[in-house]
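Trainee: Pasting in a structure now, in structure tokens, and then I'll have a few things to ask.
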């Protein structure tokens, strides 16, 4: 059944991409067979699956981690094509990720065709070979079930999946693979035409090539070039040269050549695609980027130093990196037209690279994509641009762009002519619409089952709102609490809004979801405010904030309706404590949660210590007795441990049994809402519990461990001060193991200890350092 | 008074805690296999056994429930054989032997199994619920010092440098590797059935280690210190057992006595330098035996740490050629409760193998103690 579930996957080719794809399949909890060739000269009786096995070992060590948990690693089974190909008969989807050579791929397809189940889908991860070439000469049964699924590196973290279905591909099969990739692998699907480089790389490679060539021609320093290409356009600060270092310089000539070969002669890429001797030389000398000795940038560690250096595009020599000249950028601000018009090389560079890239993008519809949304999605998800090229054109003005292109005699893509002075996107009756090739506007349609706060915001007013948070009605009696501060940090205003939310939801709604669409769920309490208060010795204010937080979080936990926390990205400190006070967590797979207060010299004081103690004290988690739970929490919190995935957050008991994980970021709100509705019937708030705590002897045992780390040079002097406070809280102060402590006893200890530590110079220095540098101070 | 003899010695292979082959084996199951093998190999009549005295340093969790009795039942000893658990930390199973010897001389039995076990994989050092007395910690802070810290103190006080410690560790590794390669450890080892496989070899030794590799290690306990993982005994899983009987009983029943127990002793010392504990204990035992260290042909000195072993060697005047001739705990491992029976049984069997007269087995004990046993070949 081509619409059946995908329950097992085979990935053939255990290189970086193949292994990474296998890892993401395993992250989804789906078993995967990873095959590669038998190593040349494999000894008699030697490991014939060594390549795949080595790839799995490498996955475990790679940073950032391709695997979300140790359990996931065990779902990948290594094998080799000679002995194990028949086993792809167990699989519902076979992904080919072997070397980019048509003859090799086609020979493999013939073998796959003989071994696969009739209903199994086959896809290629090719980034350069057109689908019609891949299937040429292959039987119809193969063509019917074949498509291209082009992942981006690293497959776990890059959300884009380009899907190309051929003329013969069964739409049901393409839909089946796309649904699996969307719901289970968490990818956003962009449908591409069978055109060279598909969408993201077609445009991305053009942009990088333009960025390099024009910087050379204009004599611009690479720091300046990257500064222009980064922030002003909402592009990662790596810009063009930093990105090339990341991708690998050695790949550039290959990609350029293969693209140039398959593009029509009139394509604008050809004009940019010239041989760059500097890059050739860098590759030859091993300067292939971050994976090599360095690239356009390098870290010079000679003479024991650590100096960041940049290459001089004219001489090819390294020199210490300079601060980018951002004067022009500052003047232009967010006004891209002003930037393009700015006199001098910076403005000229911006125009030559980005102006042309935008024009090039406009020329890709309908050749590479059916509509502009696909192009924008591809660049947002595949290159991490904040906005796609058409959204950027809207900022510049299409008419202005056309005029400028005409002024320099450049070709103007028909789509730009067609739109005139209108915008590519508009909001009509609260709905986001895009400009179609037919000249009409059409609703941007979300995949089935996706709910985005972004859309709800467009068409409704918040139920409640202040400067730090909003409450939205997301339908079916469920409300959504959205924090709106920078980094979604928490302050008295957020607490106030949450307090009012609890009362309002109790009256008017069935359930509450805590969710937002920021990069991070919440980075924790607003340290700037805390430091300010400390500096003016407003201790009473700080104490009040701590007490209010405890009160509001407590009210949240014991509210008469179910609460579902739905994090994505970081959920740190007070943000993590929000999750700990929710009835359930529906976490995006990429959730990085932890109580990190000790890093800034404090202890969790909005009930975080209490919640973790309760969770770890639950029967069956640890050996009996008063010590294991506090010791475990001490170990996690004193070292400010943060999970590297939702799976790890589950190991830390930030997620509990019954809590679920959503792989696709865009489906998080819908899943959280569904979970909240599940909890509504017969909901009773959790009861307050008593905790057996060890008292002073337990504190002593914890501090013995901390002192050991201090002696070994792992814990710092102030770490010991903070650990002492944390040990006080977790051991229950004067508690006696025969007299269980109440939750409020632990809350009191949290408050007292927080206030004591907040007054220490070591803690204030930590907070200040964190605010200035974003990194913890190890004092 | 009756003469007391060691009439049998066996042990399990020693495995690296957590990572080794025995990590998934319950300590009571492990010890039961060793005890059963001791009965079979020594050919003692099980019904004659008075008691199974089990040493264990952290007798809780899977090592709780009076593991001495549990092991007796698991091993299928007759119900009439009693069982007890003894805790003197690292000296636990040597203490088991001492108790057995004392009982025999008291006329309270003729044959005993003195055994020891520790799964450092399954029951952590300090146990699951470390609850030290805070008042005691104030008056006697050194009593709760980590073992590594005490090793650093000994290294400082006896001026034992890092190089000297590493040379000692290398010697331990070399002698163990030679003994292992020559099959000299095979007779004492009982293959352990883990349910999945049969473990027959010690897993801790690092025969390939080099002076350079040891020199490259970071200090394990004190950033400014000299003690590394390479000069410390590793966390280990293992069990050992010896048969202790009266000499008459052994003769009457056709057993093969290895050595007679000549004298025993325990002694306390400063907790901060617990590693020096063997010195006072050994001096007492020698004195009781009317011997000097020069009379001793075979020494089994537990290598908790190279620094403390070297300090004891220096203080006692132990001759190198007598010392741990099949290697020691730095290479072989130190399953706390099992070590005492291992080194005493080993010393007894070495007397036979080497044709020597007197042997000393001694070890240091956390909290500031030492324990020693002097044996004479039968």
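Trainee: Of all residues in segment A:662-701, how many are within 9 Å of chain B (Cβ to nearest Cβ) and either in a helix (DSSP H, G or I) or under 31 Å from the mean Cα position of the chain (by Cα) (or both)?
Mentor: Qualifying residue count, segment A:662-701: 6.
Trainee: I've got another one for you. Before we move on, is residue A:723 closer than 30 Å to residue A:776 by Cβ, touching a helix residue (DSSP H, G or I) at 6+ places or on another chain (Cβ under 7 Å), at pLDDT 95 or above and within 14 Å of chain B (Cβ to nearest Cβ)?
Mentor: no
Trainee: Continuing with this model, one more query. Looking at B:67, B:53, which is the one that is buried (at least 24 other Cβ atoms within 10 Å of the Cβ) and more than 20 Å from residue B:127 (Cα to Cα)?
Mentor: From the options B:67, B:53, the qualifying one is B:53.
Trainee: Which fully enclosed strands (runs of 3 or more DSSP E) of segment A:444-517 have 2 or more residues being free of Cβ contacts under 8 Å to residues at least 60 places away in the same chain and under 21 Å from residue A:529 (Cβ atoms)?
Mentor: A:469-473, A:478-483
Trainee: Just the residues that are surrounded by 13 or more Cβ atoms within 10 Å (Cβ to Cβ), over 30 Å from residue B:351 (Cβ atoms) and within 14 Å of another protein chain (Cβ to nearest Cβ), please, taken from segment B:184-235.
Mentor: B:217, B:219, B:220, B:221, B:222, B:225, B:226, B:227, B:228, B:229 - these are the residues of segment B:184-235 that are surrounded by 13 or more Cβ atoms within 10 Å (Cβ to Cβ), over 30 Å from residue B:351 (Cβ atoms) and within 14 Å of another protein chain (Cβ to nearest Cβ).
Trainee: If you scan segment B:124-171, which residues turn out to be closer than 16 Å to residue B:364 by Cα and within 11 Å of another protein chain (Cβ to nearest Cβ)?
Mentor: Once the filter is applied, which keeps residues that are closer than 16 Å to residue B:364 by Cα and within 11 Å of another protein chain (Cβ to nearest Cβ), segment B:124-171 yields B:144, B:145, B:146, B:147, B:148, B:149, B:152.
Trainee: Continuing with this model, one more query. Given segment A:205-299, what helices (runs of 4 or more DSSP H) lie entirely inside it while holding 3 or more residues that are more than 25 Å from the chain's Cα centre (by Cα)?
Mentor: Output list reads A:222-229, A:251-262, A:269-272, A:277-284.
Trainee: Now a separate question. Which of the residues spanning segment A:623-644 are within 20 Å of residue A:571 (Cα to Cα) and either in contact with a strand residue (DSSP E or B) (Cβ under 7 Å, 6 or more places away or on another chain) or facing another protein chain (nearest Cβ under 10 Å) (or both)?
Mentor: A:640, A:641, A:642, A:643, A:644
Trainee: Consider segment B:1-17. How many of its residues are at pLDDT 95 or above, surrounded by fewer than 24 Cβ atoms within 10 Å (Cβ to Cβ) and closer than 19 Å to residue B:258 by Cα?
Mentor: Count: 1.
Trainee: Is it the case that residue A:364 is touching a residue at least 12 places away in the same chain (Cβ under 8 Å), assigned by TED's automatic domain parsing to the domain that holds residue A:351, within 26 Å of the chain's Cα centre (by Cα) and closer than 27 Å to residue A:447 by Cβ?
Mentor: It is false that residue A:364 is touching a residue at least 12 places away in the same chain (Cβ under 8 Å), assigned by TED's automatic domain parsing to the domain that holds residue A:351, within 26 Å of the chain's Cα centre (by Cα) and closer than 27 Å to residue A:447 by Cβ.
Trainee: In segment A:459-477, what count of residues is obtained for those that are in contact with a strand residue (DSSP E or B) (Cβ under 8 Å, 6 or more places away or on another chain), modelled with pLDDT of 95 or more and either closer than 24 Å to residue A:427 by Cβ or surrounded by fewer than 17 Cβ atoms within 10 Å (Cβ to Cβ) (or both)?
Mentor: 12
Trainee: While we're on this one: Just checking, which of B:109, B:72, B:83 is away from chain A (no Cβ under 14 Å), in contact with a strand residue (DSSP E or B) (Cβ under 6 Å, 6 or more places away or on another chain), crowded, with 18+ Cβ neighbours inside 10 Å and in a loop (DSSP other than H, G, I, E, B)?
Mentor: After ruling out the rest, the residue left standing is B:109.
Trainee: For segment A:669-681, state whether one or more residues are in the same structural domain as residue A:475 (by TED's automatic domain parsing) and either closer than 27 Å to residue B:130 by Cβ or in contact with a helix residue (DSSP H, G or I) (Cβ under 7 Å, 6 or more places away or on another chain) (or both).
Mentor: yes
Trainee: If you take the residues in segment B:112-123 that are more than 21 Å from residue B:145 (Cα to Cα) and assigned to a loop (DSSP other than H, G, I, E, B), which one is nearest to the other protein chains (Cβ to nearest Cβ)?
Mentor: Per the stated criteria, the residue is B:122.
Trainee: Next question. Can you name the helices (runs of 4 or more DSSP H) wholly within segment B:259-378 that have at least 3 residues being farther than 27 Å from residue B:209 by Cβ?
Mentor: Answer list for segment B:259-378: B:277-289, B:336-354.
Trainee: Quick one: which helices (runs of 4 or more DSSP H) sit completely within segment A:326-417 and have at least 1 residues that are closer than 20 Å to residue A:240 by Cβ?
Mentor: Answer list for segment A:326-417: A:327-332, A:336-341, A:345-350, A:356-362, A:372-383, A:389-396.
Trainee: Moving on. Determine whether segment A:23-32 contains at least one residue that is over 18 Å from residue A:125 (Cβ atoms), more than 21 Å from the chain's Cα centre (by Cα) and surrounded by fewer than 19 Cβ atoms within 10 Å (Cβ to Cβ).
Mentor: Yes - at least one qualifying residue is present in segment A:23-32.
Trainee: Residues A:148, A:76, A:99: which one is within 22 Å of residue A:161 (Cα to Cα), under 33 Å from the mean Cα position of the chain (by Cα) and surrounded by fewer than 22 Cβ atoms within 10 Å (Cβ to Cβ)?
Mentor: A:99
Trainee: Does residue A:565 qualify as being at positive phi and surrounded by 18 or more Cβ atoms within 10 Å (Cβ to Cβ)?
Mentor: So residue A:565 fails the test.
Trainee: Hand me the list of helices (runs of 4 or more DSSP H) wholly inside segment A:41-120 holding 3 or more residues that are more than 21 Å from residue A:23 (Cβ to Cβ).
Mentor: A:102-115
Trainee: May I pose another question? Out of the residues in segment A:726-738 meeting the condition of being over 34 Å from the mean Cα position of the chain (by Cα) and touching a residue at least 40 places away in the same chain (Cβ under 8 Å), tell me which one is nearest to the other protein chains (Cβ to nearest Cβ).
Mentor: A:737
Trainee: Just checking, which of A:619, A:604 is modelled with pLDDT under 95 and not assigned by TED's automatic domain parsing to the domain that holds residue A:516?
Mentor: A:619
Trainee: Restricting attention to segment A:707-719, which residues are within 36 Å of the chain's Cα centre (by Cα), surrounded by fewer than 20 Cβ atoms within 10 Å (Cβ to Cβ) and either more than 12 Å from chain B (Cβ to nearest Cβ) or on the phi < 0 side of the Ramachandran plot (or both)?
Mentor: A:709, A:710, A:712, A:714, A:716, A:717
Trainee: Any idea which of (1) in a helix (DSSP H, G or I); (2) touching a strand residue (DSSP E or B) at 6+ places or on another chain (Cβ under 8 Å); (3) more than 24 Å from residue A:383 (Cβ to Cβ) is the one residue A:319 doesn't satisfy?
Mentor: Every condition holds for residue A:319 apart from (1).
Trainee: If you scan segment B:160-173, which residues turn out to be more than 16 Å from residue B:222 (Cα to Cα) and out of contact with any helix residue (DSSP H, G or I) (no Cβ under 7 Å at 6 or more places or on another chain)?
Mentor: Across segment B:160-173, the qualifying residues are B:163, B:167, B:171.
Trainee: With the structure loaded, tell me whether residue A:542 is free of Cβ contacts under 8 Å to residues at least 24 places away in the same chain, in the same structural domain as residue A:666 (by TED's automatic domain parsing) and more than 22 Å from residue A:613 (Cα to Cα) or whether it fails that test.
Mentor: For residue A:542, the condition - free of Cβ contacts under 8 Å to residues at least 24 places away in the same chain, in the same structural domain as residue A:666 (by TED's automatic domain parsing) and more than 22 Å from residue A:613 (Cα to Cα) - is not met.
The values are calculated or read from the model by the stated rules, or taken from the named source; none is laboratory data. The shown structure was predicted, so the numbers you read here are calculated from the model rather than taken from an experiment. Every residue, glycine as well, gets a Cβ built from its backbone with ideal geometry; the counts of neighbours run over all protein chains shown.
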